[in-house]
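The values are calculated or read from the model by the stated rules, or taken from the named source; none is laboratory data. Here the structure is a predicted model, which means the values were calculated and not measured. Cβ: placed from backbone, ideal geometry, glycine included. Neighbour counts: every protein chain shown.
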Amino acid sequence: MDITVEKLRHEDAEAVIDFEKENRAYFEKMVPSRGDDYYYFDNFITRHHQLLNLQSQGLSYFYLIRKTNGEILGRINFVDIDKPQNSGHIGYRVGEKHTGHGIAYRALHTLMDKLSTDGF
């Protein structure tokens, strides 16, 4: 399966919340719940705008892992960026039905290639 890693955009909000809702129970087996309020669209869109603001300031970058047909397979984020130290933290989540196929591995390598080529 071919994948792409694309920076989060405003117009991704509905697809992202659908992905998060579909995988909520699965993700909550591994990490603390974001709480019910996160999944109400008005609350989600506020959070989405906050992420885009951080991204526009170069403080963090948020990406969607997609199949070439556009389906969201997961998310991968580069956060807590320290430009003088040329460092940051990477985290990811892959949807339940897409685990075990090497998607996180390929997404990480794709992101690392993007960051080394485009910078951050």
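Scanning the range 60-79 for residues that are more than 21 Å from residue 97 (Cβ to Cβ) and hydrophobic (A, V, I, L, M, F, W, C), we see that the one that is surrounded by the fewest Cβ atoms within 10 Å (Cβ to Cβ) is 79.
Of everything in the range 76-86 that is under 15 Å from residue 114 (Cα atoms) and not hydrophobic (A, V, I, L, M, F, W, C), the residue that is nearest to the chain's Cα centre (by Cα) is 77.
Residue by residue, here is whether (1) touching an Asp or Glu at 6+ places or on another chain (Cβ under 6 Å); (2) closer than 25 Å to residue 21 by Cβ; (3) not charged (D, E, K, R) holds:
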{"position": "60", "(1), (2), (3)": "no, yes, yes"}
{"position": "71", "(1), (2), (3)": "no, yes, no"}
{"position": "76", "(1), (2), (3)": "no, yes, yes"}
{"position": "80", "(1), (2), (3)": "no, no, no"}
{"position": "100", "(1), (2), (3)": "no, yes, yes"}
{"position": "111", "(1), (2), (3)": "no, yes, yes"}
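Only residues that are at pLDDT 90 or above, in a helix (DSSP H, G or I) and touching a strand residue (DSSP E or B) at 6+ places or on another chain (Cβ under 8 Å) were counted across the range 67-120, and they come to 8. Here is the figure for the range 32-59: residues that are in contact (Cβ under 8 Å) with a residue 40 or more places away in the chain and surrounded by fewer than 14 Cβ atoms within 10 Å (Cβ to Cβ) total 1.
Exactly one residue out of 15, 25 is at pLDDT 95 or above, of a type in the set (Gly, Ala, Ser) and surrounded by 13 or more Cβ atoms within 10 Å (Cβ to Cβ): that is 15. When the range 11-63 is filtered for residues that are part of a helix (DSSP H, G or I), farther than 18 Å from residue 95 by Cα and of a type in the set (Ser, Thr, Tyr), the ones remaining, listed by number, are 46, 56.
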